[in-house]
1. Please state which one of Arg40, Arg36 is of a type outside the set (Phe, Trp, Tyr), open to solvent by 50 Å² or more (accessible area, probe 1.4 Å), at pLDDT below 85 and in a helix (DSSP H, G or I).
2. Give all pairs with beta carbons closer than 9 Å in which a residue from region 139-158 that is in contact (Cβ under 8 Å) with a residue 24 or more places away in the chain and on the phi < 0 side of the Ramachandran plot meets a residue that is open to solvent by 70 Å² or more (accessible area, probe 1.4 Å) and assigned to a helix (DSSP H, G or I); count only pairs at least 6 apart in sequence or on separate chains.
3. Restricting region 102-135 to residues that are open to solvent by 60 Å² or more (accessible area, probe 1.4 Å) and either under 14 Å from Gln151 (Cβ atoms) or among the small types (Gly, Ala, Ser) (or both), which is nearest to the chain's Cα centre (by Cα)?
4. Quick one: Pro55 ticks every box in (1) under 29 Å from Pro122 (Cβ atoms); (2) surrounded by fewer than 16 Cβ atoms within 10 Å (Cβ to Cβ); (3) at pLDDT below 85 bar one, so which box is it?
5. Would you please list the contacts, defined by Cβ atoms under 7 Å and residues six or more apart or on different chains, that run from a residue in region 72-89 that is in contact (Cβ under 8 Å) with a residue 24 or more places away in the chain to a residue that is open to solvent by 80 Å² or more (accessible area, probe 1.4 Å) and part of a helix (DSSP H, G or I)?
6. In region 67-91, what residues are hydroxyl-bearing (Ser, Thr, Tyr) and open to solvent by 40 Å² or more (accessible area, probe 1.4 Å)?
7. Does Thr123 satisfy being at pLDDT 85 or above and among the hydroxyl-bearing types (Ser, Thr, Tyr)?
Amino acid sequence: MAGIVKSCMQFTLKSVNLIMAMVGIAMILYGFWMLRVWHRDMSGSSYEDLDYTAPWFIYTFLGTGVALCLLTGLGHIAADTANGVCLFCYMVIITVLLLIEIGIAADILLNEDWEKDMPDDPTGRFRDFKQFVEANINIFKWIFLIIFLGQGLSVLLAMGLRACSPNQFSNYDSDEEFTQARLPLINNHAQQPAYVIGEPPFSNKNETWNTNK
């Protein structure tokens, strides 16, 4: 029964990781598209018109997508092997990511001037993405909710798998190992011949031979 529950948790964790992997791949593709459009726009500009401000929004988008894909790979390995160290690292990274997402969401909801805290985006992609999100806010609400719940479910599944995985160091600390190590000494001691107190068995034969002689 425990093996079936463990297999179900491993399959569910892999499925949730697959969803995050799809989100990461979509972010990488969209980031490359934004980078291509920005380079195309910059190719037609003169040397004086070029803005040397780094396109931080595009690089942030690409970096987030790559980080999600790497985290998905770690989660898949942790779910497949059920290794305690991998599961612990996966839980820590997911928890930190959740805290960052909660902080960003709280800043956007509570701070009306949150856009002023952002640096200037020379590509204009940040403004376009913001307008696209505002135009499809209901769809993005469900997307953000699914991502948030998926990450929370990943933490719970990783905790469950880590609890179900056997402790690798328990066998070395158990009394059975020391008992088995002492058994050969006990057996060797039991196989020793018992000592008999008395006259040797050949003494009567020697006395009889002397008498007859």
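The values are calculated or read from the model by the stated rules, or taken from the named source; none is laboratory data. No experiment lies behind these values; they were computed from the predicted model shown. Quick reminder, even Gly has a Cβ in these numbers, built from the backbone with ideal geometry, and neighbours come from all protein chains shown. For the accessible areas, the whole protein counts, side chains as well, though only heavy atoms, and no ligand, DNA or RNA atoms are used. Shrake-Rupley method; radii C 1.70, N 1.55, O 1.52, S 1.80 Å.
1. Of Arg40, Arg36, the one residue that is of a type outside the set (Phe, Trp, Tyr), open to solvent by 50 Å² or more (accessible area, probe 1.4 Å), at pLDDT below 85 and in a helix (DSSP H, G or I) is Arg40.
2. These pairs meet every condition: Ile146/Ile19; Ile147/Ile19; Phe148/Ile102; Gly150/Ile19; Ala158/Phe88.
3. Only one residue fits best here, namely Ile102.
4. Pro55 satisfies all of (1) under 29 Å from Pro122 (Cβ atoms); (2) surrounded by fewer than 16 Cβ atoms within 10 Å (Cβ to Cβ); (3) at pLDDT below 85 except (2).
5. Short answer, once both residue conditions are applied: Gly84/Arg162; Leu87/Arg162; Phe88/Arg162.
6. In the first step, residues of region 67-91 are kept if they are hydroxyl-bearing (Ser, Thr, Tyr); the result is 72, 81, 90.
Residue satisfying the conditions is Thr81 alone.
7. It is false that Thr123 is at pLDDT 85 or above and among the hydroxyl-bearing types (Ser, Thr, Tyr).
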